[in-house]
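Chemist: I am attaching a structure below and will ask some questions about it afterwards.
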Amino acid sequence: MRPFKYRRATDPSAAARFVTANPQAKFLAGGTNLLDLMKEDVERPSELVDLTRLKLTDIRATPGGVSIGALATNTDTANHPLIRRNYSLLTQAIVAGASGQLRNMATNGGNLLQRTRCQYFYDTAMPCNKREPGTGCGALEGLNRIHAIVGWSEKCVATYPGDMANALYALDAVVRVRDAAGRGRTIPIGEFHRLPADTPEQDNNLRHGELITAIELPKSNFATNSYYLKVRDRASYAFALVAVAAALELDGGTIRQSRVVLGGVAHKPWRSQEAEAALAGRPASEESFQRAAEAALKDAKPLVHNAFKVELAKRGIVRALMRASRLA
Ligand SMILES: Cc1cc2nc3c(=O)[nH]c(=O)nc-3n(C[C@H](O)[C@H](O)[C@H](O)COP(=O)(O)OP(=O)(O)OC[C@H]3O[C@@H](n4cnc5c(N)ncnc54)[C@H](O)[C@@H]3O)c2cc1C
Ligand code: SF4
């Protein structure tokens, strides 16, 4: 591991100031992703600004819904009564990820910013445009079984590996951030992560030095009928090959509105408005769900080793919607 300077921030303003002042500095939260990447020599910050003493751990009801602190752990978030009762999709997604020990350390802000699990990104002997822009993409012609089937570019075919963000997207969350000058802004979760296009080194739209302070969830009509499905190579402690966050607002047996967000298939959580349009006004039935699944994957472009993900995603959508509507 390379030497680095360590600082402990005591308030959000100082934290943002320290990182803004040094282009090579990074925030440190639970460290479960960043420290691994530093040990692999993939991330090389010259300075870490420790956020863990900041009082950004509240999970509380707001007039509009719920605010979740960026420094609250994944465990505390998943177990909180407000989340379990009103946003069970989020609880399901969080507990589908990592392991109990990791979730005890991992924070919500860090979870959103976890980096891809592409093997070539982790291997500094291999070309990777995300790690070193301009070197090429080892996965494009290499082993790309776990990679993207939608939204990828010739520059990068990686997927975003997180679970929590898929559920947050289905629940219309926004991410609250602030900069060193105290200016705040909110970013809808669907605009937080980026597609790779020509700049795969940028995973998201956060600016250097901007601190995530909270995630806000509006009141939701999807509390009753939602389901998070995660398909992976092992039953636990593994990232999604395909994940589906499915949420339905039902009027009797008819679908009023829905959210269908796929994980493990793109460089960002992938909301299928095609599937949602196919479901609107239709009866909650396996036939409607199959139609939605076909619509969601009609433009999929699999790579050499991951064509299986197209069928897996279709079946996943049907199964998640069946569970969400309690037909299975
Ligand atoms: C073996 C293993 C299995 C895993 N399996 C899964 C899984 O199945 N599903 C899943 O979703 N995740 C999984 N994870 C990922 C894990 O959930 C993330 O590592 C964790 O959520 C990151 O949170 P952290 O607080 O440790 O972040 P850190 O590692 O501390 O930071 C990650 C990044 O976020 C930045 N950052 C942190 N907080 C802030 C903030 N408030 N504002 C701005 N920037 C910030 C840091 O600078 C860094 O770049 C797994 C991890 C491991 C090691
Ligand atoms: S898919 Fe992206 S992260 Fe993986 S090797 Fe290619 S450029 Fe790097």
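The values are calculated or read from the model by the stated rules, or taken from the named source; none is laboratory data. Note that the structure is predicted; figures quoted are calculated from it, not measured. Here the Cβ positions follow ideal geometry from the backbone for every residue, glycine too, while neighbour counts run over all protein chains shown. Ligands, DNA and RNA are stripped out before the accessible areas are found, and what is left, the full protein with its side chains, is counted by its heavy atoms. Shrake-Rupley method; radii C 1.70, N 1.55, O 1.52, S 1.80 Å.
Chemist: Hey, among the residues in the range 29-38 that are open to solvent by 20 Å² or more (accessible area, probe 1.4 Å) and aliphatic (A, V, I, L, M), which one's farthest from ligand 1 (Cβ to nearest atom)?
Modeler: Within the range 29-38, the match that is farthest from ligand 1 (Cβ to nearest atom) is 35.
Chemist: What are the residues in the range 186-202 that are assigned to a loop (DSSP other than H, G, I, E, B), under 14 Å from the mean Cα position of the chain (by Cα) and not aromatic (Phe, Trp, Tyr), if any?
Modeler: First pass over the range 186-202, keeping only residues assigned to a loop (DSSP other than H, G, I, E, B): 192, 194-202.
If we keep only those that are under 14 Å from the mean Cα position of the chain (by Cα) as well, we get 192, 194-195.
Within the range 186-202, 194, 195 meet the criteria.
Chemist: Here is a further query. In the range 1-26, which residues are hydrophobic (A, V, I, L, M, F, W, C) and either touching a residue at least 60 places away in the same chain (Cβ under 8 Å) or closer than 14 Å to residue 211 by Cα (or both)?
Modeler: Step one: of the range 1-26, the residues hydrophobic (A, V, I, L, M, F, W, C) are 1, 4, 9, 14-16, 18-19, 21, 25.
Once the filter is applied, which keeps residues that are hydrophobic (A, V, I, L, M, F, W, C) and either touching a residue at least 60 places away in the same chain (Cβ under 8 Å) or closer than 14 Å to residue 211 by Cα (or both), the range 1-26 yields 9, 14, 15, 16, 18, 19, 21, 25.
Chemist: Just checking, which of 60, 103, 115, 84 is open to solvent by 10 Å² or more (accessible area, probe 1.4 Å), within 10 Å of ligand 1 (Cβ to nearest atom) and more than 30 Å from residue 307 (Cβ to Cβ)? Write out each step before concluding.
Modeler: Numbers: 60 fails: within 10 Å of ligand 1 (Cβ to nearest atom); 115 fails: more than 30 Å from residue 307 (Cβ to Cβ); 84 fails: within 10 Å of ligand 1 (Cβ to nearest atom).
Just a single option satisfies the conditions, and that option is 103.
Chemist: Restricting attention to the range 203-233, and to residues there that are of a type in the set (A, V, I, L, M, F, W, C) and part of a strand (DSSP E or B), which single residue is farthest from residue 90 (Cα to Cα)?
Modeler: Taking the range 203-233 first, the residues of a type in the set (A, V, I, L, M, F, W, C) are 206, 211-212, 214-215, 217, 222-223, 229, 231.
Narrowing the set further to residues that are part of a strand (DSSP E or B) leaves 211-212, 214-215, 217, 229, 231.
On the way: 211: 22, 212: 18, 214: 15, 215: 12, 217: 10, 229: 12, 231: 17 Å.
So, considering only residues that are of a type in the set (A, V, I, L, M, F, W, C) and part of a strand (DSSP E or B), the one farthest from residue 90 (Cα to Cα) is 211.
Chemist: Right, here's the next one. Among the residues of the range 129-154, write down those that are in contact with a strand residue (DSSP E or B) (Cβ under 7 Å, 6 or more places away or on another chain), more than 16 Å from residue 204 (Cα to Cα) and of a type outside the set (Ser, Thr, Tyr).
Modeler: Narrowing the range 129-154 to residues in contact with a strand residue (DSSP E or B) (Cβ under 7 Å, 6 or more places away or on another chain): 129-130, 135, 137-138, 150-151.
From what is left, the residues that are more than 16 Å from residue 204 (Cα to Cα) are 135, 137-138, 150.
Once the filter is applied, which keeps residues that are in contact with a strand residue (DSSP E or B) (Cβ under 7 Å, 6 or more places away or on another chain), more than 16 Å from residue 204 (Cα to Cα) and of a type outside the set (Ser, Thr, Tyr), the range 129-154 yields 137, 138, 150.
Chemist: Please indicate, with yes or no, whether at least one residue in the range 134-144 is in a helix (DSSP H, G or I) and open to solvent by 30 Å² or more (accessible area, probe 1.4 Å). Steps first, answer last, please.
Modeler: If we filter the range 134-144 for residues that are in a helix (DSSP H, G or I), which is where we start, we get none.
No, every residue in the range 134-144 fails to be in a helix (DSSP H, G or I) and open to solvent by 30 Å² or more (accessible area, probe 1.4 Å).
Chemist: State whether one or more residues within the range 140-159 are under 23 Å from residue 25 (Cβ atoms) and among the hydroxyl-bearing types (Ser, Thr, Tyr). Break it down stepwise before answering.
Modeler: Step one: filter the range 140-159 for residues under 23 Å from residue 25 (Cβ atoms), giving none.
Checked the range 140-159: no residue is under 23 Å from residue 25 (Cβ atoms) and among the hydroxyl-bearing types (Ser, Thr, Tyr).
Chemist: In the range 244-296, what residues are open to solvent by less than 20 Å² (accessible area, probe 1.4 Å), part of a loop (DSSP other than H, G, I, E, B) and out of contact with any Cys (no Cβ under 9 Å at 6 or more places or on another chain)?
Modeler: 264, 265, 266, 269, 272 - these are the residues of the range 244-296 that are open to solvent by less than 20 Å² (accessible area, probe 1.4 Å), part of a loop (DSSP other than H, G, I, E, B) and out of contact with any Cys (no Cβ under 9 Å at 6 or more places or on another chain).
Chemist: Limited to the range 256-309, what total is found for residues that are of a type in the set (A, V, I, L, M, F, W, C) and farther than 18 Å from residue 152 by Cα? Let's see the steps before the verdict.
Modeler: Pass one, the range 256-309, residues of a type in the set (A, V, I, L, M, F, W, C): 260-262, 265-266, 270, 275, 277-280, 284, 289, 292-293, 295-297, 300, 303-304, 307-308.
When the remaining residues are screened for being farther than 18 Å from residue 152 by Cα, the result is 260, 275, 277-280, 284, 289, 292-293, 295.
Of the residues in that region, 11 qualify.
Chemist: Residue by residue through the range 319-328, note down the ones that are touching an Asp or Glu at 6+ places or on another chain (Cβ under 9 Å) and surrounded by fewer than 19 Cβ atoms within 10 Å (Cβ to Cβ).
Modeler: Quick first cut of the range 319-328, residues touching an Asp or Glu at 6+ places or on another chain (Cβ under 9 Å) only: 321-322, 327-328.
Within the range 319-328, 322, 327, 328 qualify.
Chemist: Of the residues 68, 94, 146, only one is closer than 26 Å to residue 172 by Cβ and more than 9 Å from ligand 1 (Cβ to nearest atom); which? Write out each step before concluding.
Modeler: Details: 94 fails: more than 9 Å from ligand 1 (Cβ to nearest atom); 146 fails: closer than 26 Å to residue 172 by Cβ.
When all the criteria are applied, what remains is 68.
Chemist: Also, I was wondering about something else. Based on what the data block shows, is residue 109 touching a residue at least 60 places away in the same chain (Cβ under 8 Å) and out of contact with any Cys (no Cβ under 6 Å at 6 or more places or on another chain)?
Modeler: yes
Chemist: Here's something else I'd like to know. Specify the residue that is modelled with the lowest pLDDT; the eligible residues are those in the range 224-245 that are within 15 Å of the chain's Cα centre (by Cα) and among the small types (Gly, Ala, Ser). Talk me through it step by step, then tell me what you get.
Modeler: Narrowing the range 224-245 to residues within 15 Å of the chain's Cα centre (by Cα): 228-230, 238-245.
Next cut, among the small types (Gly, Ala, Ser) only: 238, 240, 243, 245.
Numbers: 238: 92, 240: 97, 243: 98, 245: 98.
Within the range 224-245, the match that is modelled with the lowest pLDDT is 238.
Chemist: Also, I was wondering about something else. Could you please let me know if residue 95 is touching a helix residue (DSSP H, G or I) at 6+ places or on another chain (Cβ under 8 Å) and free of Cβ contacts under 8 Å to residues at least 24 places away in the same chain?
Modeler: In short, yes.
Chemist: Just give me the residues in the range 158-180 being within 12 Å of ligand 1 (Cβ to nearest atom), acidic (Asp, Glu) and either modelled with pLDDT under 95 or surrounded by fewer than 24 Cβ atoms within 10 Å (Cβ to Cβ) (or both), in sequence order. Let's see the steps before the verdict.
Modeler: As a first pass, look at the range 158-180 and keep what is within 12 Å of ligand 1 (Cβ to nearest atom): 159-168, 175-179.
This time we only want the ones that are acidic (Asp, Glu), so: 163, 179.
Within the range 158-180, just 179 meets the criteria.
Chemist: Would you check if residue 115 is within 14 Å of ligand 2 (Cβ to nearest atom), within 15 Å of the chain's Cα centre (by Cα) and of a type outside the set (Asp, Glu)?
Modeler: Judged against the criteria, residue 115 is a match.
Chemist: Let me ask something else about it. Right, residue 311: modelled with pLDDT of 95 or more and more than 30 Å from residue 138 (Cα to Cα) or not? Before the answer, list the steps.
Modeler: Details: modelled with pLDDT of 95 or more: yes; more than 30 Å from residue 138 (Cα to Cα): no.
No: the conditions fail for residue 311.
Chemist: Under the condition of being part of a helix (DSSP H, G or I) and among the polar types (S, T, N, Q), which residue from the range 1-23 is most open to solvent (accessible area, probe 1.4 Å)?
Modeler: Taking the range 1-23 as the starting set, the residues that turn out to be part of a helix (DSSP H, G or I) are 12-21.
Restricting the remaining residues to those that are among the polar types (S, T, N, Q) gives 13, 20.
Numbers: 13: 33, 20: 66 Å².
Out of the qualifying residues, it is 20.
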